[in-house]
Amino acid sequence: MSSAASFAASQPEGQAPAGEALSSISDARRAAFIGAFAAVRTETERRAAPLSAEDQVVQSMPDASPIKWHRAHTTWFFEQFLLVPHAAGYRVFDERLAFLFNSYYVSAGPRHARPKRGLVTRPDAAEVAAYRRHVDAAVRDLILRVEDAALDEVLTIVEIGLHHEQQHQELMLTDILHAFAQNPVLPAYDAAWRLPPVAAGTADFLALQEAIHSIGNDGAGFRFDNEGPLHRELVGPVRIARHLVSNAEWLTFIADGGYATPTLWLSDGWATVEAEGWEAPGYWRRSDGQWAAFTLGGLRPIDPAAPVCHVSYYEADAFARWSGRHLPTEAEWEVAASGNELCGSHGVVWQWTRSAYAAYPGYRAGPGALGEYNGKFMVNQMVLRGSSLATPQGHSRNSYRNFFPPSARWQFSGLRLAEY
Ligand SMILES: [Fe+2]
């Protein structure tokens, strides 16, 4: 699929042609954005396609949203932030939907309670499909017809809308996996699903010498605001594991009493272990003395060589302590990943870092509702780096900062270690 990210790189910069040249460049940009828009919107529907209308309405916990909600919310995002302010004469599909499908944008008005998203049976899946078609047509029309003077502003919002929708594409898979895990018959999202191949773990480490590095992203391509400003940080000396922590290592941690040894855990982590009854990663089930894991392909035996997945920050931190090592900081991860010498840095599991999610030096959230996108969440969460098997193609960057609360483990989250 051509992505919005690859699309961003195709935007001409640093030139000021006039007349016909300007028009042809603007035509090419419009065509490219229309293509990227169609590709991303189609990918959302492709991910929803294996799911019935009943599957799409379930909300299995407050943190997870129904698939139908993801399809509608990503559509509302374009309607609210692009079409209403920028498409003259745009007819809102249904005035009632803004309340239902606004997620957390206080500046955009009141909204439905997040934990009650699964109670919204109407609009039904077919009506949400019609909502998507209505907005798709209006966005294509706007990109095609907006005057050149307003094109930059329009395409900037289209681009953030596409990256936003790609984030929700990942959540569609994590959320349906959580929902299906509650079902005693353990349905498979895709019976043919396989973990992406990744090299088996070794004890090999990548050594980073002490140096001052530029961290973050002020580049020309798309990045979220939380990836900047670019700033300098002292990194190293440190050794970063080239490989992700494997299931085999995690089985050793379990066998050594990892989940029963309070001294390995942060206080909040141990409280969570006790409250939740954790004795293994998320979705692991023991039967006849053997561990299996519920996956997008259904219940599968644990593959010892595969990276461990669905662990929380608390578990990653306890494992690192048990192993006599550490989690890397996000800056250490970014420097190590920049040399392309890490196995599975992208596309398998997100990797917890020990960095709290906070603003980079000089960061300010932008004005208006879109300024609520990242900045207001910069407290009480930890940063994950890389990307996962559920991350859409074209949505990964070494500077990308994912963030979740330390107890979260329904994401495709694992870890790699650091030592000093
Ligand atoms: Fe969203």
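On the basis of the beta-carbon distance and an R0 of 30 Å, ALA211 and THR263 show a calculated FRET efficiency of 0.30.
Let me have the 222 nm mean residue ellipticity of the chain computed from DSSP H runs of 4+ only, each contributing -39500 (n - 2.57), with the sum over all residues rounded to the nearest 500. So the helix-based figure for the chain works out to -11500 deg cm²/dmol.
What share of Cα pairs, in percent, lie more than 15 angstrom apart in region 147-216? In whole percent, the long-distance tail amounts to 78. Using the empirical formula 2.2 N^0.38 Å as the baseline, the Cα radius of gyration of the chain reaches a ratio of 1.02.
Computed from label points 7 Å out along Cα-Cβ, the spacing between SER338 and ALA137 is 4.9 nm. Applying the Kirkwood pairwise sum to the alpha-carbon positions of region 265-355 produces a hydrodynamic radius of 14.9 angstrom. In terms of its C-alpha gyration tensor, region 107-159 comes out oblate, because a/c is 1.5 or above while a/b does not outweigh b/c. Restricting the calculation to Cα atoms, every distinct pair contributes to the Kirkwood radius of region 183-258, found to be 17.2 Å. Working note: Cα atoms of region 65-223, range along each principal axis, descending, whole Å: 61, 50, 30. Taking the centroid of alpha carbons for each part, region 324-369 and region 220-271 are 10 Å apart.
Bear in mind these aren't lab numbers, they're just calculated from the coordinates by the rules spelled out. What you are looking at is a predicted structure, and each value in this text was computed from that prediction instead of being measured. Every residue, glycine as well, gets a Cβ built from its backbone with ideal geometry; the counts of neighbours run over all protein chains shown.
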